[in-house]
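Remarks on the structure that follows.
The values are calculated or read from the model by the stated rules, or taken from the named source; none is laboratory data. Keep in mind that what you see is a predicted model, and the values were worked out from it rather than measured. Glycine also receives a Cβ, built like all others from the backbone with ideal geometry; neighbour counts cover every protein chain displayed. Surface accessibility is based on the protein's heavy atoms, side chains included, excluding ligands, DNA and RNA. Shrake-Rupley method; radii C 1.70, N 1.55, O 1.52, S 1.80 Å.
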Amino acid sequence: VQLQASGGGLVQAGGSLRLSCAASVLPFSRYAMAWFRQAPGKEREFVAVISQGGGTTKYADSVKDRFTISRDGAKNTGYLQMNSLKPEDTAVYYCALSSRLIVPTSSNLYIYWGQGTLVTVSS
């Protein structure tokens, strides 16, 4: 099983980035997909999750109305569209998969993890 996260980079505050997470696990539709992030010196935190069918999403309060999570089953790929980025969004972003049906927000319930992609937002 492999998750390949990409799309990170350096962006100015107020800018946008789209992260991608390509999964080799099949069937992709069996898994809820989430994004977590970890800033320097801080613990990993939940960002967003999307259900197996894509009909349910949850967001951390800090990113609500700015970030959008989505998935494309045909491509086995998930996305995180990040708009109105702030310096406090700077972190390594990880995608993860869970077989739970409850769109979990706890990292303990995720069994597959990508390698992370760095997002840096300058002020």
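Express in nm, to one decimal, how much length is gained between LEU109 and SER62 on full extension, taking 0.36 nm for each residue of separation and deducting their alpha carbon distance.
Here the answer is 14.8 nm.
Just order 6-15, 69-78 by mean Cβ neighbour count inside 10 Å, highest at the front, would you?
Ranked from most to least packed, the peptides come out as 69-78, 6-15.
Accessible area per residue, 1.4 Å probe, Å², for the chain: what's the number?
Spelled out: the 1.4 Å probe surface of the chain, per residue, equals 50 Å².
Mean separation of Cα pairs under 8 Å and 6+ residues apart, divided by the residue count of the chain: what relative contact order is that in percent?
Reported as a whole number, the value is 36 percent.
Could you pull out the GluC sites (Glu not before Pro) across region 1-101 that fall in loop regions by DSSP (anything but H, G, I, E, B) with no more than 14 other Cβ atoms inside 10 Å?
In loop regions of region 1-101 (DSSP not H, G, I, E or B), the sparsely surrounded GluC sites (Glu not before Pro) are GLU43.
So, how do all the Cα-to-Cα distances of the chain break down into 10 Å bins, in percent, from 0 on up?
Distribution as computed: 15, 51, 30, 5, 0 percent.
Counting only residues 5 or more places away or on other chains, whose amide H sits under 5 Å from the amide H of GLY15 once H atoms are built in the peptide plane?
LEU85
What is the P(r) of region 20-59, as percent of Cα-Cα pairs per 5 Å bin from 0?
Using 5 Å bins, I get a P(r) of 6, 21, 23, 22, 16, 8, 4, 0 for region 20-59.
Report ³J(HN,Hα) in whole Hz for each residue of region 51-64, in order, from the Karplus equation J = 6.51 cos²θ - 1.76 cosθ + 1.60 where θ = phi - 60°; Gly and Pro get x.
Working through the residues one at a time gives 6, 4, x, x, x, 10, 9, 9, 9, 5, 4, 5, 10, 4 Hz.
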